[in-house]
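Quick notes on the structure that follows.
The values are calculated or read from the model by the stated rules, or taken from the named source; none is laboratory data. Keep in mind it's a predicted model, so treat the numbers as computed, not measured. In this analysis, Cβ positions are derived from the backbone assuming ideal geometry, glycine residues included, and neighbour counts consider all displayed protein chains. Quick note on the areas: whole protein, heavy atoms, side chains included, nothing else; ligands and nucleic acids left out. Shrake-Rupley method; radii C 1.70, N 1.55, O 1.52, S 1.80 Å.
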Amino acid sequence: QVQLVESGGGLVQPGGSLRLSCAASLRDFRFYTMNWYLQAPGKEREMVASISAGGMTEYSHSVKGRFTISRDNAKNTVYLQMNGLQSDDTAVYYCYAIYGPDRYWGQGTQVTVSS
């Protein structure tokens, strides 16, 4: 059974940093495009960052320059380093794996930015 397990969320003050991790029990993890999405209260889920199998990255406009996505294929893990956190970044963050027709979501980790 495929599992994506996010960790690293929590409460942080504005301007602070967090690093999220997503450990994936995917047989061919290295082939998957790995993504981070967020869902703020009352809003739709939206893409934050993506990293392809080849290491190409994309970011939403709102996080570009502040967040960095990376992956460690040896550990079947994708990371999201979040710096300069703002109150608008408060959301549940989800890991999302894509490879052809195969799509898997994690259960999410809460990030709250507040003083």
Report summary line: The answer for R71, listing residues at least 5 apart or on another chain whose modeled amide H is closer than 5 Å to its amide H, is Y79
Report summary line: Computed about the Cα centre, the charge dipole of the range 3-76 from +1 Lys/Arg and -1 Asp/Glu charges at the Cβ has a magnitude in debye, to the nearest 20, of 120
Report summary line: Under the Karplus relation with 6.51, -1.76 and 1.60 and θ = phi - 60°, whole-Hz ³J(HN,Hα) for the range 102-111, x at Gly and Pro, equal 8, 9, 9, 10, x, 8, x, 9, 7, 10
Query raised in the report: Over the chain, what percent of the accessible surface lies on carbon and sulfur atoms, probe 1.4 Å?
Result: 45
Report summary line: Note, the range 28-35: 3J(HN,Hα) by Karplus (6.51, -1.76, 1.60, θ = phi - 60°), whole Hz, Gly/Pro = x, goes 10, 3, 5, 8, 7, 7, 10, 10
Query raised in the report: Is the shape of the chain rounded, prolate or oblate, going by the alpha carbon gyration tensor and its root eigenvalues a ≥ b ≥ c, with a/c under 1.5 for rounded and a/b larger than b/c for prolate?
Result: prolate
Requested in this report: Along Cα→Cβ, 7 Å out, is where each label goes; now give me the distance between the ones at E58 and R19 in nm to one decimal.
Outcome: 2.6
Query raised in the report: Does the range 6-48 come out rounded, prolate or oblate, given a ≥ b ≥ c as the square roots of the eigenvalues of its C-alpha gyration tensor, rounded meaning a/c under 1.5 and, failing that, prolate meaning a/b above b/c?
Result: oblate
